[in-house]
Amino acid sequence: DAGVIQSPRHEVTEMGQEVTLRCKPISGHNSLFWYRQTMMRGLELLIYFNNNVPIDDSGMPEDRFSAKMPNASFSTLKIQPSEPRDSAVYFCASSPRGSEADTQYFGPGTRLTVL
Amino acid sequence: AQTVTQSQPEMSVQEAETVTLSCTYDTSESDYYLFWYKQPPSRQMILVIRQEAYKQQNATENRFSVNFQKAAKSFSLKISDSQLGDAAMYFCAYRRRTSGTYKYIFGTGTRLKVLA
């Protein structure tokens, strides 16, 4: 059973460029989460989708960040324009319905470096 | 507000020995979930073990077990027969059980080194 898939695994870009991170949740999971991990702030929840609908985006740092989930098997996190302080590891996680809905399964992460 | 504290930034254990990682949390809720996640150098966040607060029995998963002390708000992870592959960052996490509540509160992590 494939886990959460994220692409790319590494991204290096220059300040001002647009960056798009991609996520494929585990099949059958109905909740999807985007996290950012930095040394200074640890793991931060950016946005949460339930049944493809954004439920809470209060963690999105600013308007430069946007996330979409056009269908149950795909989500994107876009940063436009990117800044050096956006450098971090970005994780996508998904969780199932029912009794296991509390458990989140993480993807391998995307390491973003903005020069 | 709920908080999760991991007071040990780094721990070391000899291969085949036992090590315990500490986690305390603060909440006014009575029903919640607690988790330990492992993050090896590959960065993948891997679920190690999960505990429901309403269950008195401590969760176990092979060499991993927890000591859940609800009154003390303590949730430690014991790793028995440590292996080199156990070397990683370990994160403790809390989540309310309330329906529709999804947010994890993570601790700052404990880096575990396993010595050969």
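The rows are residues; the columns are (1) within 28 Å of B:Arg97 (Cβ to Cβ); (2) at pLDDT 95 or above; (3) more than 10 Å from every other protein chain (Cβ to nearest Cβ).
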residue: A:Pro84; (1), (2), (3): no, yes, yes
residue: A:Ala88; (1), (2), (3): no, yes, yes
residue: A:Tyr105; (1), (2), (3): yes, no, no
residue: A:Arg111; (1), (2), (3): no, yes, no
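For region A:36-60, taking the residues that are assigned to a loop (DSSP other than H, G, I, E, B) and surrounded by 13 or more Cβ atoms within 10 Å (Cβ to Cβ), the one that is nearest to the other protein chains (Cβ to nearest Cβ) is identified as A:Gly59. Any residue at all in region A:1-14 that's surrounded by 12 or more Cβ atoms within 10 Å (Cβ to Cβ), free of Cβ contacts under 8 Å to residues at least 40 places away in the same chain and either under 19 Å from B:Leu47 (Cα atoms) or among the polar types (S, T, N, Q) (or both)? Within region A:1-14, none of the residues are surrounded by 12 or more Cβ atoms within 10 Å (Cβ to Cβ), free of Cβ contacts under 8 Å to residues at least 40 places away in the same chain and either under 19 Å from B:Leu47 (Cα atoms) or among the polar types (S, T, N, Q) (or both).
Please go through region B:7-32 and pick out each residue that is crowded, with 19+ Cβ neighbours inside 10 Å and either facing chain A (nearest Cβ under 10 Å) or among the hydroxyl-bearing types (Ser, Thr, Tyr) (or both). Listed by number, the residues that qualify are B:Tyr25, B:Tyr32.
Restricting attention to region B:77-106 and to residues that are assigned to a loop (DSSP other than H, G, I, E, B) and more than 10 Å from every other protein chain (Cβ to nearest Cβ), the residue that is modelled with the lowest pLDDT turns out to be B:Thr98.
Taken over region A:75-86, the criterion of being of a type outside the set (S, T, N, Q) and either touching a Ser or Thr at 6+ places or on another chain (Cβ under 7 Å) or surrounded by 15 or more Cβ atoms within 10 Å (Cβ to Cβ) (or both) is satisfied by A:Leu77, A:Lys78, A:Ile79, A:Asp86. Checked against the criteria, A:Ala101 counts as modelled with pLDDT under 95, within 14 Å of chain B (Cβ to nearest Cβ) and surrounded by fewer than 18 Cβ atoms within 10 Å (Cβ to Cβ).
In region A:16-35, the qualifying residues are those that are part of a strand (DSSP E or B) and within 12 Å of another protein chain (Cβ to nearest Cβ), and the one that is surrounded by the fewest Cβ atoms within 10 Å (Cβ to Cβ) is A:Ser31. Whenever a residue of region A:78-103 is over 30 Å from A:Gly28 (Cα atoms) and in a helix (DSSP H, G or I), it has no partner that is modelled with pLDDT under 90 and of a type in the set (Val, Ile, Thr) lying with C-beta atoms less than 8 angstrom away and at least six residues away or across chains. A:Met40 falls short on exactly one of the conditions (1) touching a residue at least 12 places away in the same chain (Cβ under 8 Å); (2) over 13 Å from the mean Cα position of the chain (by Cα), and that condition is (1).
The values are calculated or read from the model by the stated rules, or taken from the named source; none is laboratory data. Not measured: the values here are computed from a predicted model. Positions of Cβ are generated from backbone atoms using ideal geometry, with glycine treated the same way; all protein chains shown enter the neighbour counts.
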